[in-house]
1. Might you check whether a residue that is within 21 Å of W125 (Cβ to Cβ), of a type outside the set (S, T, Y), assigned by TED's automatic domain parsing to the domain that holds G122 and surrounded by 17 or more Cβ atoms within 10 Å (Cβ to Cβ) occurs anywhere in segment 38-58?
2. Kindly list the number of the only condition in (1) part of a helix (DSSP H, G or I); (2) out of contact with any strand residue (DSSP E or B) (no Cβ under 9 Å at 6 or more places or on another chain) that fails for P39.
3. Could you check segment 23-43 and list, in sequence order, the residues that are hydroxyl-bearing (S, T, Y) and under 16 Å from C99 (Cα atoms)?
4. So P68 ticks every box in (1) within 22 Å of D124 (Cβ to Cβ); (2) in contact (Cβ under 8 Å) with a residue 40 or more places away in the chain but one. Which box is left unticked?
5. Quick check on my filter: what residues within segment 9-33 are of a type in the set (G, A, S) and surrounded by 12 or more Cβ atoms within 10 Å (Cβ to Cβ)?
6. Considering only residues that are within 25 Å of R36 (Cα to Cα) and assigned to a loop (DSSP other than H, G, I, E, B), which ones fall in segment 48-107?
7. I'd like to verify a number: residues in segment 15-58 that are free of Cβ contacts under 8 Å to residues at least 24 places away in the same chain and basic (K, R), how many?
8. Against the definition (farther than 17 Å from R59 by Cβ and at pLDDT below 90), how does P117 come out, yes or no?
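The values are calculated or read from the model by the stated rules, or taken from the named source; none is laboratory data. Being a predicted model, the structure only gives us computed values, none of them experimental. Cβ sites come from the backbone with ideal geometry, for glycine too, and all protein chains shown count toward neighbours.
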Amino acid sequence: MTVESNSVASPETVHGGKPECLTEIFRDEVNLAVWRREPRTECLDFARHFEAKISSFERFVVQEKDEPVDEVLPRWALELPGARAWLADVRELIAMYRCLFEPAAVGTRVHVLADTPRLVLGLDWLS
């Protein structure tokens, strides 16, 4: 695990290769915890296919507990190779987020960033 400290203020950023590093967010001096991981091949394949079909995309979906995550994608994207694996990965990340923070709902953001070949996923705590 790597810890970065800002000398101007005391907040730290923690990076780790295991999901357990995310629990570091509960330390008072930590303001960002990052789990660095290699995405599964199927997820990368899905992202490439998705980005090839659409150059710009942004969606925000509020997820109550036990709601399906499929709606974060347009219907046509569910048929792309690797879509089910990507959604399973998103489900796992949402479950981990819920375990850590116990939010009433989770906001799931999906973006294709303009001028970059990247599909980005973000999770937000909603109460």
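1. At the first step, the residues of segment 38-58 found to be within 21 Å of W125 (Cβ to Cβ) are 58.
Subset that is of a type outside the set (S, T, Y): 58.
Those left that are additionally assigned by TED's automatic domain parsing to the domain that holds G122: 58.
With the extra rule that they be surrounded by 17 or more Cβ atoms within 10 Å (Cβ to Cβ), the set shrinks to none.
Scanning segment 38-58, I find no residue that is within 21 Å of W125 (Cβ to Cβ), of a type outside the set (S, T, Y), assigned by TED's automatic domain parsing to the domain that holds G122 and surrounded by 17 or more Cβ atoms within 10 Å (Cβ to Cβ), so the answer is no.
2. (1)
3. Of segment 23-43, the ones hydroxyl-bearing (S, T, Y) are 23, 41.
If the condition is that a residue be hydroxyl-bearing (S, T, Y) and under 16 Å from C99 (Cα atoms), then T23 is the only one that fits.
4. (2)
5. Within segment 9-33, the first condition is being of a type in the set (G, A, S), and the residues that meet it are 9-10, 16-17, 33.
The answer is G16, G17, A33.
6. Within segment 48-107, V69, L73, P81, G82, E102, P103 meet the criteria.
7. So the count comes out to 4.
8. Judged against the criteria, P117 is a match.
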